[in-house]
Each structure stands twice: as C-alpha cells, then as structure tokens.
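Working notes, beginning with the structure itself.
The values are calculated or read from the model by the stated rules, or taken from the named source; none is laboratory data. Here the structure is a predicted model, which means the values were calculated and not measured. As a convention, Cβ positions derive from the backbone with ideal geometry for all residues, glycine included, and neighbour counts pool all protein chains shown.
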Amino acid sequence: MDPQNELVDALQAIPWFQELSDEHFQKICAITHLVRVDKDTTIFAEGEQDENLYIVLEGRVAIEIYSPVRGRIRIFTAEPLDVVGWSSVTPVVRQRTASARAVLDSRLAAIDGLALRQLCDDDCELGYKIMRRIANVVAARLMVTRLQLLDVFGHPEKD
C-alpha cells in the first residue's frame, strides 16, 4: 500500500480526526508520518526535547519515569488510539516528563509538534479542537496518576 494512503487510512480510523473538516484533516496528514517501533525500543526519553506527538495505532507503549531508588517505574500503558508525547504541543513544557518504550512491536502516527503548534496558532478553530483533545489527555493522565498515588500512600507498608 502507498505510504500516503496507509497514513490517511490510519488517521481516518481515529475517532477524533473524523470530526475535523477535510481541510483540517489534510493539514494534519501533511505533518504526520507513520513509525514502526520494535518491542523494547525507546521512542523518547525523559528530559529529551523530542518534537513529536504520537498516537498509538497498533501495539502497546509504556510511559515510564525514572527514580534513583526504584529505577524505571511504569506510570501508564498506552493502548491503540492513546496519545503519548503530549508535552511536544504544550505552550511551555517542551521537555519530556517521562520516557516512552514499546512494550510490543508497535505502529505509531508521529505528528510534528512544532508544525502542529503553528497550525493551531494560525487556525483558531483547529487549535481549539486539538488543544481540547490534548487537555482531555492530560486530565486523564492526571487522574490515573492521582489514583496511583492514592494506592501507594493509602496503604503504607507496615514495619
């Protein structure tokens, strides 16, 4: 299959792209490419300034943070249609706050974060739709992190 047709087919299968106008959809396609990642491959590392936003199309991606005491700690597992690397499109945070590693062989849509930020600045309607989605991703991750913290601190180990 032609790589451009494969990209269009992959993005059309993502529900929130289906609500975009044809013009907006084409603009997103123009700044997106597909990436295949082998199991155990690091997609981006905590502290890096990787400029891509990723959408998992196939496979599974672990989002991990590093603790000097405990090593790598998985804080989230991204499944198909989940977004990872959202910090690449936020106005201030441009440094990765976690690492992403493929748990299975995976296929991702990689969206150029700088180009996406520019599209959002140039077209307020598109910007609103994209940033609303990013806000939902961040809010969901915050909720998951909150529940993990409640679990960790809600049941302290007894000596």
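Within region 69-86, the set of residues being hydrophobic (A, V, I, L, M, F, W, C), touching a residue at least 24 places away in the same chain (Cβ under 8 Å) and within 18 Å of Asn52 (Cα to Cα) comprises Leu81, Val83, Val84, Trp86. Of all residues in region 31-49, none are loosely packed, with under 13 Cβ neighbours inside 10 Å and either under 18 Å from Val137 (Cα atoms) or without any contact (Cβ under 8 Å) to a residue 24 or more places away in the chain (or both). Counting the residues of region 58-101 that are hydrophobic (A, V, I, L, M, F, W, C) and at pLDDT 90 or above gives 8. Just one residue in the set Ile134, Ile111 is surrounded by 12 or more Cβ atoms within 10 Å (Cβ to Cβ), in a helix (DSSP H, G or I) and either among the aromatic types (Phe, Trp, Tyr) or at pLDDT 75 or above (or both); that residue is Ile134.
Looking across region 1-11, the residues that are of a type outside the set (Asp, Glu) and modelled with pLDDT of 90 or more come down to Leu7, Val8, Ala10, Leu11. Among the residues of region 12-38, those identified as closer than 23 Å to Arg101 by Cα, modelled with pLDDT of 95 or more and within 16 Å of the chain's Cα centre (by Cα) are Ile31, Thr32, His33, Leu34, Val35, Arg36, Val37. How many residues, within region 54-90, are loosely packed, with under 13 Cβ neighbours inside 10 Å and in contact with a helix residue (DSSP H, G or I) (Cβ under 8 Å, 6 or more places away or on another chain)? Selection size over region 54-90: 1.
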